[in-house]
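**Q** Let me give you the structure first, and then I'll get to my questions.
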Amino acid sequence: MIVAKNGIQRKRNFIGITMSLYSAHPACPDNVRCISVMKIIVAVAFILILTSLASALVFLMKDKGKSNRTVKALAFRVGFSVALFVLILIAYKLGLIEPTGIR
């Protein structure tokens, strides 16, 4: 079920969580749907976090604890996670994202 509210189309999934599909952006023409840039940034951040975690696992298996590469990879993962959290907080404060809640 698709619901439009304030120019933002939302889709309610099978467990009742409402997700925004497309948001109206000033740079987009009136009839064109634009995917939110924030969704792309968050997806890239998650990919970076998972890649860093996977590389830490590979370094742990190859080095068997004899080098610091695992620690560095895990430190990058923590840094990416903190950066993503701060980015989400800033985006919320600036109004780029809004909570949808469970309905």
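**Q** Could you calculate the contour length gain from Arg69 to Thr100, that is, 0.36 nm times the residue separation minus the distance between their Cα atoms, to one decimal place in nm?
**A** 7.2 nm
**Q** Give a residue-ordered list of calculated ³J(HN,Hα) values for the range 46-61 (Karplus: 6.51 cos²θ - 1.76 cosθ + 1.60, θ = phi - 60°; whole Hz; x for Gly, Pro).
**A** 5, 5, 4, 5, 5, 5, 5, 5, 5, 5, 5, 5, 5, 5, 5, 6
**Q** Between Leu87 and Phe46, what length comes free when the chain is fully extended (0.36 nm per residue of separation minus the Cα-Cα distance, one decimal in nm)?
**A** Result for the pair: 13.5 nm of gain on full extension.
**Q** Summing +1 for each Lys or Arg and -1 for each Asp or Glu, what net charge is found among the other residues whose Cβ lies under 10 Å from the Cβ of Arg69?
**A** +2
**Q** Sorting Ile97, Ile40 on the 10 Å Cβ count, fewest up front, what's the list? Each step should come with its number before you reach the end.
**A** Numbers: Ile97 19, Ile40 10.
Listed from fewest to most nearby Cβ atoms, that is Ile40, Ile97.
Here, each number is a calculation from the coordinates, and none is a lab measurement. A quick note: this is a predicted structure, and the numbers were derived from the prediction, not measured. Methodologically, a virtual Cβ is constructed for each residue, glycine included, from the backbone with ideal geometry; neighbour enumeration extends over all protein chains shown.
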